[in-house]
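Visitor: The following block contains the structure, expressed as C-alpha coordinates.
The values are calculated or read from the model by the stated rules, or taken from the named source; none is laboratory data. Since we're looking at a predicted model, the values are computed, not measured. Quick reminder, even Gly has a Cβ in these numbers, built from the backbone with ideal geometry, and neighbours come from all protein chains shown.
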Amino acid sequence: MKQKIWIRICLISAFICICCFFAWMFLRQKGTSQTTAQIIYQGDVIRTVDLSAVKKKESFTVGEPGNQNTIQISPDGIGIISADCRDQICVRQGIRSHGPEPIVCLPHRLSIRFTDPTPDGSVSDAAALDAVTGQ
Ligand SMILES: [Zn+2]
(Lines give C-alpha, C1' and ligand atoms only; values in the text may rest on other atoms or scores of the structure.)
Protein backbone atom coordinates (compact mmCIF):
# COMPACT_ATOMS: atom_id res chain seq x y z
CA MET A 1 0.00 0.00 0.00
CA LYS A 2 2.75 2.42 0.99
CA GLN A 3 4.64 1.59 -2.23
CA LYS A 4 1.61 2.54 -4.37
CA ILE A 5 1.47 6.00 -2.79
CA TRP A 6 5.15 6.52 -3.58
CA ILE A 7 4.59 5.50 -7.21
CA ARG A 8 1.75 8.01 -7.43
CA ILE A 9 3.90 10.79 -5.93
CA CYS A 10 6.65 10.00 -8.43
CA LEU A 11 4.23 10.05 -11.37
CA ILE A 12 2.68 13.36 -10.27
CA SER A 13 6.14 14.90 -9.77
CA ALA A 14 7.24 13.73 -13.23
CA PHE A 15 4.05 15.16 -14.74
CA ILE A 16 4.65 18.55 -13.06
CA CYS A 17 8.25 18.57 -14.32
CA ILE A 18 7.11 17.89 -17.90
CA CYS A 19 4.48 20.67 -17.63
CA CYS A 20 7.11 23.12 -16.35
CA PHE A 21 9.47 22.16 -19.16
CA PHE A 22 6.87 22.84 -21.85
CA ALA A 23 5.81 26.09 -20.19
CA TRP A 24 9.47 27.15 -20.11
CA MET A 25 9.96 26.23 -23.79
CA PHE A 26 6.85 28.19 -24.72
CA LEU A 27 7.92 31.29 -22.76
CA ARG A 28 11.44 31.07 -24.14
CA GLN A 29 10.15 31.09 -27.72
CA LYS A 30 8.05 34.17 -27.01
CA GLY A 31 10.88 35.98 -25.27
CA THR A 32 13.80 38.08 -26.44
CA SER A 33 15.15 35.26 -28.64
CA GLN A 34 12.82 36.57 -31.37
CA THR A 35 14.91 39.72 -31.78
CA THR A 36 15.75 40.95 -35.25
CA ALA A 37 18.66 43.29 -35.93
CA GLN A 38 18.54 45.82 -38.75
CA ILE A 39 21.83 47.13 -40.14
CA ILE A 40 21.31 50.63 -41.49
CA TYR A 41 24.12 52.22 -43.51
CA GLN A 42 23.84 55.81 -44.81
CA GLY A 43 20.07 55.73 -44.35
CA ASP A 44 19.43 52.39 -46.09
CA VAL A 45 18.68 49.04 -44.49
CA ILE A 46 21.45 46.90 -45.96
CA ARG A 47 20.70 43.75 -44.00
CA THR A 48 18.14 42.34 -41.58
CA VAL A 49 19.31 39.53 -39.31
CA ASP A 50 17.04 37.23 -37.32
CA LEU A 51 19.29 36.78 -34.27
CA SER A 52 17.33 33.75 -33.02
CA ALA A 53 18.25 31.92 -36.25
CA VAL A 54 22.01 32.63 -36.10
CA LYS A 55 23.90 29.37 -35.55
CA LYS A 56 27.50 30.26 -36.37
CA LYS A 57 29.83 33.22 -36.09
CA GLU A 58 30.11 35.41 -39.17
CA SER A 59 31.70 38.76 -39.87
CA PHE A 60 31.61 41.13 -42.81
CA THR A 61 32.80 44.59 -43.71
CA VAL A 62 30.65 47.57 -44.63
CA GLY A 63 31.92 50.64 -46.51
CA GLU A 64 35.15 51.68 -48.23
CA PRO A 65 38.61 51.97 -46.59
CA GLY A 66 38.60 55.10 -44.41
CA ASN A 67 34.88 54.63 -43.87
CA GLN A 68 34.76 51.00 -42.80
CA ASN A 69 33.10 48.95 -40.09
CA THR A 70 33.47 45.22 -39.53
CA ILE A 71 30.28 43.73 -38.14
CA GLN A 72 30.16 40.38 -36.37
CA ILE A 73 27.04 38.23 -36.11
CA SER A 74 27.08 35.28 -33.72
CA PRO A 75 24.59 33.32 -31.56
CA ASP A 76 25.56 35.75 -28.72
CA GLY A 77 24.41 38.77 -30.71
CA ILE A 78 25.63 41.39 -33.12
CA GLY A 79 28.19 44.15 -32.84
CA ILE A 80 30.93 46.16 -34.52
CA ILE A 81 34.26 44.44 -33.85
CA SER A 82 36.48 46.90 -35.70
CA ALA A 83 36.15 50.27 -37.40
CA ASP A 84 38.44 52.94 -38.79
CA CYS A 85 36.43 55.82 -37.37
CA ARG A 86 38.25 58.22 -35.05
CA ASP A 87 36.08 57.85 -31.90
CA GLN A 88 35.76 54.00 -31.80
CA ILE A 89 32.54 54.41 -29.80
CA CYS A 90 30.79 51.84 -32.00
CA VAL A 91 33.44 49.18 -31.22
CA ARG A 92 33.21 49.89 -27.48
CA GLN A 93 29.45 49.21 -27.55
CA GLY A 94 30.37 45.54 -27.90
CA ILE A 95 28.28 42.54 -28.94
CA ARG A 96 24.60 42.77 -28.01
CA SER A 97 21.50 40.75 -28.82
CA HIS A 98 18.70 43.12 -27.82
CA GLY A 99 17.95 46.44 -26.18
CA PRO A 100 16.20 49.72 -26.85
CA GLU A 101 19.45 51.53 -27.72
CA PRO A 102 20.91 50.94 -31.19
CA ILE A 103 24.63 50.37 -31.81
CA VAL A 104 25.73 53.46 -33.70
CA CYS A 105 28.80 54.65 -35.60
CA LEU A 106 28.04 58.33 -36.06
CA PRO A 107 31.03 59.28 -38.28
CA HIS A 108 30.13 56.49 -40.75
CA ARG A 109 26.34 56.89 -40.45
CA LEU A 110 25.99 53.22 -39.56
CA SER A 111 23.55 51.87 -37.00
CA ILE A 112 22.36 48.47 -35.84
CA ARG A 113 18.84 48.60 -34.49
CA PHE A 114 16.99 45.89 -32.58
CA THR A 115 13.33 45.13 -33.18
CA ASP A 116 11.08 42.52 -31.59
CA PRO A 117 8.56 41.29 -34.14
CA THR A 118 5.25 40.54 -32.42
CA PRO A 119 3.41 37.28 -33.33
CA ASP A 120 1.06 39.16 -35.71
CA GLY A 121 4.04 40.48 -37.67
CA SER A 122 3.75 44.13 -36.68
CA VAL A 123 6.66 46.09 -35.23
CA SER A 124 7.26 46.73 -31.55
CA ASP A 125 7.02 49.99 -29.63
CA ALA A 126 10.73 50.74 -30.07
CA ALA A 127 10.46 50.68 -33.87
CA ALA A 128 7.14 52.55 -33.82
CA LEU A 129 8.78 55.29 -31.76
CA ASP A 130 11.48 55.66 -34.44
CA ALA A 131 8.79 56.00 -37.10
CA VAL A 132 7.27 58.87 -35.11
CA THR A 133 10.59 60.68 -34.68
CA GLY A 134 11.38 60.05 -38.35
CA GLN A 135 14.75 58.36 -37.82
ZN1 LIG B 1 32.58 54.14 -35.18
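Visitor: Out of (1) at pLDDT below 95; (2) farther than 19 Å from Gly43 by Cα; (3) within 18 Å of the chain's Cα centre (by Cα), what's the single condition that is false for Asp120?
Guide: So Asp120 meets the others, but not (3).
Visitor: Next question. Just name the residue that is nearest to Tyr41 (Cα to Cα) out of those in segment 75-98 that are away from the ligand (no atom under 14 Å from the Cβ) and surrounded by fewer than 17 Cβ atoms within 10 Å (Cβ to Cβ).
Guide: Quick first cut of segment 75-98, residues away from the ligand (no atom under 14 Å from the Cβ) only: 75-78, 95-98.
Adding the requirement that they be surrounded by fewer than 17 Cβ atoms within 10 Å (Cβ to Cβ) leaves 75-76, 95.
Working: Pro75: 22, Asp76: 22, Ile95: 18 Å.
That would be Ile95.
Visitor: Is it true that Lys2 is under 21 Å from the mean Cα position of the chain (by Cα) and exposed (fewer than 10 other Cβ atoms within 10 Å of the Cβ)? Outline the logic, then answer.
Guide: Numbers: under 21 Å from the mean Cα position of the chain (by Cα): no; exposed (fewer than 10 other Cβ atoms within 10 Å of the Cβ): yes.
Spelling it out, it is not the case that Lys2 is under 21 Å from the mean Cα position of the chain (by Cα) and exposed (fewer than 10 other Cβ atoms within 10 Å of the Cβ).
Visitor: Here is a further query. Checking Val132 against (1) at pLDDT below 95; (2) touching a Ser or Thr at 6+ places or on another chain (Cβ under 6 Å); (3) surrounded by fewer than 16 Cβ atoms within 10 Å (Cβ to Cβ); (4) not hydroxyl-bearing (Ser, Thr, Tyr), only one condition comes out false. Which one?
Guide: (2)
Visitor: Could you check segment 50-68 and list, in sequence order, the residues that are crowded, with 18+ Cβ neighbours inside 10 Å and either in contact with a Gly (Cβ under 6 Å, 6 or more places away or on another chain) or closer than 18 Å to Glu101 by Cα (or both)? Step through it out loud before you land on a result.
Guide: Within segment 50-68, the first condition is being crowded, with 18+ Cβ neighbours inside 10 Å, and the residues that meet it are 51, 62-63.
Of everything in segment 50-68, just one residue is crowded, with 18+ Cβ neighbours inside 10 Å and either in contact with a Gly (Cβ under 6 Å, 6 or more places away or on another chain) or closer than 18 Å to Glu101 by Cα (or both), namely Leu51.
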